[in-house]
1. Extending each Cα 7 Å along its Cβ direction at Arg87 and Ile51, get the distance between those two points in nm, one decimal.
2. What order do you get for 135-142, 73-80, 119-126, 157-164 when each peptide is scored by the mean count of other beta carbon atoms within 10 Å, highest first?
3. With viscosity set to 1.002 mPa s and temperature to 20 °C, compute the Stokes-Einstein D of region 112-183, Rh being the Kirkwood radius across alpha carbon pairs; µm²/s, no decimals.
4. Determine the calculated [θ] at 222 nm for the chain from helices alone, applying -39500 (n - 2.57) to every DSSP H run no shorter than 4 residues and normalising by the residue count; nearest 500 deg cm²/dmol.
5. Can you give the three extents of the C-alpha atoms in region 16-70 along their principal axes, from longest to shortest, in whole Å?
6. Taking 0.36 nm per residue of sequence separation and subtracting the Cα-Cα distance, how much length would be gained by fully extending the chain between Ile74 and Cys178, in nm to one decimal?
7. Residue farthest toward the positive end of the dipole of the chain, with Cβ of Lys/Arg at +1 and Asp/Glu at -1: which of Met63, Cys139, Pro18?
8. Can you give me the % of accessible surface on region 1-136 that is carbon or sulfur? Probe 1.4 Å, all protein chains present, nothing else counted.
Amino acid sequence: MVYVLLADGFEEVEALTPVDLLRRAGADVKTVGITGKTVTSSHNVPIIADILPEDVCFEEAEMVVLPGGMPGAINLNESEFVHKLVRYCADNDRYIGAICAAPSVVLGSMDLLKHKKAICYPGMEDGMTLATVVHQNCCVEGKIITGRALGGAMDFALALCTAIMGGAAAKQVADSICYVPAE
């Protein structure tokens, strides 16, 4: 199961692009409303989450995805549930995906990026203590996948698809949506 965590103030594209592409690839994906069943994005778009934190089964988690957006990333970081689920994934060799502000605000605050390559929204690198900052849309470092920002959401989502469903499935999804990577 892939859990995409939504908190009020999340960035829509960074959350829903992974949901869309992962589901197209055949992954079992659930959105989790951290701040309630209806979660309002950073641009005031209400989204109805599939489930609430109490419905999450940690043992079934193959991946957790943390979208950015402000104050969404801060709201994720203030949730004890989010920290418990992310820590569970880190301790049990499960995938963790975070994009935009989330790598810095959440993963950085949890010391999960020390001595790892990672990317976040430009200007927020200070929160990624002792990480090696790369300058690309997406970075895969073991089981941690980070993305720069909304502009790299497609690359980030396809990296998540590759991790969970394999390269062939990710390529099939990319081809089906006529995705052509930037040169």
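1. My value for the distance between the label points is 2.1 nm.
2. Peptide ranking by packing, descending: 157-164, 73-80, 119-126, 135-142.
3. Answer, rounded: 167 µm²/s.
4. Rounded to the nearest 500, the figure is -9000 deg cm²/dmol.
5. Projected onto the principal axes, the Cα atoms of region 16-70 cover 30, 25, 17 Å.
6. 34.0 nm
7. Cys139
8. 49
The values are calculated or read from the model by the stated rules, or taken from the named source; none is laboratory data. Keep in mind that this is a model prediction, so the values were computed, not measured. Don't worry about glycine lacking a Cβ; one is built from the backbone with ideal geometry, like all the others, and counts go over all protein chains shown. Heavy atoms of the whole protein, side chains included, go into the accessibility calculation; ligands, DNA and RNA do not. Shrake-Rupley method; radii C 1.70, N 1.55, O 1.52, S 1.80 Å.
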